[in-house]
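*Asks:* Take this structure, written in structure tokens, and hold onto it; I'll ask about it next.
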Amino acid sequence: MAQAPAQPPATDHAAGDAARDLAGRAARGDRDAWEALYRAYGPVIHGILLARRLSPADADDLTQEVFLKAIRAISTLHDAERFGPWLCAIARNMALAHRRTLWRRAGLLLGWARARPEAESSRPDHDGPSAQRALEAIASLPEAYRETLMLRLVEQLSGPEIAELTGLTEGSVRVNLSRGMKLLRAALAADQSDPDRPAPTTPAPV
């Protein structure tokens with residue numbers, strides 16, 4: 001049974017003061033504040049979207065849409081100190097909605113393919129880049145591990161940066177990185193031993 005990822009507490013006072021100041025200015029329409037927030041939180045949002053199995057191109061587009069939605073909804077944020085977790089929640093919800101849309105489209109395409117016997121099905125290319133294999137392996141992990149690993153390995157954020165921007169403590173980040181890396185190595189090892197076998201599933205955190 002997989003150990004449960006550490007859960008995020010409130011942000012520390014220093015990070016909260018900075019977020020509160022920028023979020024407050026952003027709520028008043030300060031464009032410079034929004035640009036500063038985008039620079040600070042853009043990599044986090046992008047990593048969260050990748051962790052939900054969006055393609056890099058879709059993650060790029062949706063990162064901008066997350067911030068556009070945040071601009072429209074900033075008045076609903078009652079505690080500016082919690083801007084980071086609030087923004088991350090928007091990203092998770094939008095990623096879920098995006099994937100549901102993709103599944104609906106996939107269902108339509110599947111119906112079309114079944115109606116046309118001549119339509120050729122494509123087989124995954126197992127000789128693709130190892131980076132894609134790694135992303136797929138990360139995507140098979142529990143949510144908290146996926147996010148932390150994406151932010152560390154893909155977005156190149158340090159442990160303290162992940163903690164400050166997501167609201168996790170540095171200790172929680174270390175725990176999630178350690179457990180996530182252990183599961184990731186196991187998934188990649190299984191993939192290398194049998195590339196035609198689907199990536200092993202990991203029990204959901206309890």
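*Asks:* Among the residues of region 52-66 satisfying the criterion of being assigned to a helix (DSSP H, G or I) and of a type in the set (A, V, I, L, M), which is surrounded by the fewest Cβ atoms within 10 Å (Cβ to Cβ)? Write out each step before concluding.
*Replies:* Restricting attention to region 52-66, the residues satisfying the condition of being assigned to a helix (DSSP H, G or I) are 56-66.
In the following step, the residues that additionally are of a type in the set (A, V, I, L, M) were identified as 57, 59, 62, 66.
On the way: 57: 8, 59: 23, 62: 22, 66: 25.
Per the criteria, the residue is 57.
*Asks:* I'm trying to understand the selection: among the residues of region 20-51, which are buried (at least 22 other Cβ atoms within 10 Å of the Cβ), touching a residue at least 60 places away in the same chain (Cβ under 8 Å) and under 24 Å from residue 97 (Cα atoms)?
*Replies:* Across region 20-51, the qualifying residues are 41, 44, 46, 47, 48, 50, 51.
*Asks:* Here is a further query. Kindly indicate whether any position in region 96-105 is in contact with a Leu (Cβ under 8 Å, 6 or more places away or on another chain), more than 16 Å from residue 37 (Cα to Cα) and either modelled with pLDDT of 90 or more or in a helix (DSSP H, G or I) (or both).
*Replies:* Yes.
The values are calculated or read from the model by the stated rules, or taken from the named source; none is laboratory data. Quick caveat, the model's predicted, so the values are computed rather than measured. Here Cβ is always computed from backbone atoms with ideal geometry, including for glycine, and neighbour counts include all displayed protein chains.
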